[in-house]
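These notes concern the structure reproduced below.
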Amino acid sequence: MFGNSHDITPVSNEKIAIFDKKLCSKKLDKPAFVWFYANYCGHCHSMHDDWKKLEETRDIDKRVNLLRIESEQKSLLSNDPEIYGYPTLRLYKMNGKFVDYNGPRDAKDFKKFVENNITKNKNKKLSQKKKSEKKKRSKKKKRN
């Protein structure tokens, strides 16, 4: 076919249904990096080996869910993800919002993108938590 002579194996419809349910409720247990692809797409086949390398990276796998959704499977999602070209890569945050990936198509850059976006999210949460704790301490001091 294209760069690789084999079809790219999609995740099961069951995994997509679980992801969809959590995404709709905006309660993902961890961020999800999703690769929307089409088996007829040469660019998708060219990046397949790099996606597999990313899937084999243990430290990433622990912190994010990695999904590959074939073009015909996107109809399984409740809300149209508005994918107009392939490949499309998105990092869905735990609140259901997403960030599109527009960088080079290799495992190293995928990993860097995921790590940078997860770190930003964690730092933001830690900052909000510290502010909240600071307010509580200040209220206690005022009462005393």
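A compact table of results
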item: Scope segment 3-25; condition assigned to a loop (DSSP other than H, G, I, E, B) and either among the hydrophobic types (A, V, I, L, M, F, W, C) or over 17 Å from the mean Cα position of the chain (by Cα) (or both); matching residues; result: 3, 4, 5, 6, 7, 8, 9, 11
item: Among residues of segment 26-57, those that are assigned to a loop (DSSP other than H, G, I, E, B), at pLDDT 90 or above and among the hydroxyl-bearing types (Ser, Thr, Tyr), counted; result: 1
item: Qualifying residue in segment 125-138 (condition: at pLDDT 85 or above, of a type outside the set (Phe, Trp, Tyr), over 22 Å from residue 12 (Cβ atoms) and more than 15 Å from the chain's Cα centre (by Cα)); result: no
item: Members of segment 5-60 found to be polar (S, T, N, Q) and either in contact with a Ser or Thr (Cβ under 8 Å, 6 or more places away or on another chain) or at positive phi (or both), listed by number; result: 39
item: Among the candidates 119, 88, residue that is closer than 21 Å to residue 18 by Cα and among the polar types (S, T, N, Q); result: 88
item: Residue in segment 49-61 that is over 19 Å from residue 117 (Cβ atoms), touching a strand residue (DSSP E or B) at 6+ places or on another chain (Cβ under 9 Å) and not acidic (Asp, Glu) present; result: no
item: Residue 46 vs. criteria loosely packed, with under 12 Cβ neighbours inside 10 Å and more than 14 Å from the chain's Cα centre (by Cα); result: no
item: Residue among 108, 97, 93, 112 that alone is surrounded by 17 or more Cβ atoms within 10 Å (Cβ to Cβ) and either at negative phi or touching a Pro at 6+ places or on another chain (Cβ under 7 Å) (or both); result: 93
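Yes/no per residue for (1) among the acidic types (Asp, Glu); (2) touching a residue at least 60 places away in the same chain (Cβ under 8 Å):
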site	(1), (2)
16	no, yes
39	no, no
67	no, no
70	yes, yes
94	no, yes
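The values are calculated or read from the model by the stated rules, or taken from the named source; none is laboratory data. None of these values were measured; they are calculated from a predicted model. Backbone-built Cβ (ideal geometry, glycine too); neighbour counts: all protein chains shown.
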